[in-house]
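Here's a structure for you.
The values are calculated or read from the model by the stated rules, or taken from the named source; none is laboratory data. Just so it is clear, the structure is predicted and the values come from calculations on it, not from any experiment. Here the Cβ is made from the backbone with ideal geometry for all residues, glycine too, and neighbour counts use every protein chain on show.
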Amino acid sequence: MKNLRNALLLKQLYQLKQLGYRYTNITPYKEDEPNLILPNQLDTLKKQADNCHLCQLSKSRQKVVFGEGNPNADLLFIGEGPGASEDSMGKPFVGRSGELLTKMIENVLHIKREDVYIANIVKCRPPNNRAPTPTEAHTCQPYLLKQIEIIKPKLIIALGATAYHYLTGDETNITKIRGTLHEQNGYTLIPTYHPSYLLRNPSAKKEVFEDLKKVKELMGKE
Ligand code: URA
């Protein structure tokens, strides 16, 4: 009996590992848990995320912010998590930092915003704009990993420390690591500063401009 329980537990832990967990402090899910079988189409994945109650953020959210953009985009931007405007509209980066992100995409990269894809580490707003907890980020991660698997971007731009950390597992300070290229899982990842940071520290825009010049080169646009 105990061996069977251990075998089931091991199986469940392997399944969590395949879903992208590096570690877990959650109780392994039950055999018949339907929520962790993720579909291979973005629209069905979105429906599943819209009904997600796997973490506490689902209790305080207004809308799930799944992500939006070109489902075949070469370029995927990943932020931290929805803020108040995103939570009420159900769309990523629609507030002040969104305006700046749109300018970065359209005025610097010369790409239309609807031609890239934009998502976040967590799909529901952390209260008071705090950073997501490790449990929230890891619980939400299978959705993001599935989005990446479906979209198959060539390049992912991690916006800020939280996005970089949860996409790589690396905790190097963003000021040190920004602008560097990381080959992983079939795409190139480049971390840069988060647009909210740029709103507070406009002098850092020149570094982001440098990072975006690299992105342009990698996209063959320069
Ligand atoms: N900040 C983020 O990280 N994501 C959003 O969608 C909006 C603001």
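From the list 150, 156, which one is away from the ligand (no atom under 13 Å from the Cβ) and surrounded by fewer than 20 Cβ atoms within 10 Å (Cβ to Cβ)?
Details: 156 fails: surrounded by fewer than 20 Cβ atoms within 10 Å (Cβ to Cβ).
Going through 150, 156 in turn, the sole match is 150.
Output the number of residues of region 47-85 satisfying the condition of being assigned to a helix (DSSP H, G or I) and either more than 15 Å from the ligand (Cβ to nearest atom) or not assigned by TED's automatic domain parsing to the domain that holds residue 144 (or both).
Residues that pass the stated criteria total 6.
OK, next. So residue 122 passes all but one of these: (1) assigned to a helix (DSSP H, G or I); (2) surrounded by 21 or more Cβ atoms within 10 Å (Cβ to Cβ). Which condition number does it fail?
(1)
Under 7 Å between Cβ atoms, which residue pairs at least 6 apart in sequence (or on different chains) link something in region 58-87 that is within 21 Å of residue 160 (Cα to Cα) and of a type outside the set (A, V, I, L, M) with a partner that is within 12 Å of the ligand (Cβ to nearest atom) and modelled with pLDDT under 95?
83/129
Hey, another quick one. Kindly check whether there is at least one residue in region 86-108 that is more than 10 Å from the ligand (Cβ to nearest atom), among the basic types (Lys, Arg) and assigned to a helix (DSSP H, G or I).
yes
Quick one: in region 69-87, of everything that is among the charged types (D, E, K, R) and crowded, with 19+ Cβ neighbours inside 10 Å, which residue is nearest to residue 220 (Cα to Cα)?
Ranking the qualifying residues of region 69-87, first place goes to 80.
Which ones in region 173-203 are farther than 19 Å from residue 120 by Cβ, surrounded by 16 or more Cβ atoms within 10 Å (Cβ to Cβ) and among the small types (Gly, Ala, Ser)?
179, the sole residue that qualifies.
Among the residues of region 133-174, what is the count of those that are closer than 25 Å to residue 210 by Cα, β-branched (Val, Ile, Thr) and free of Cβ contacts under 8 Å to residues at least 60 places away in the same chain?
3
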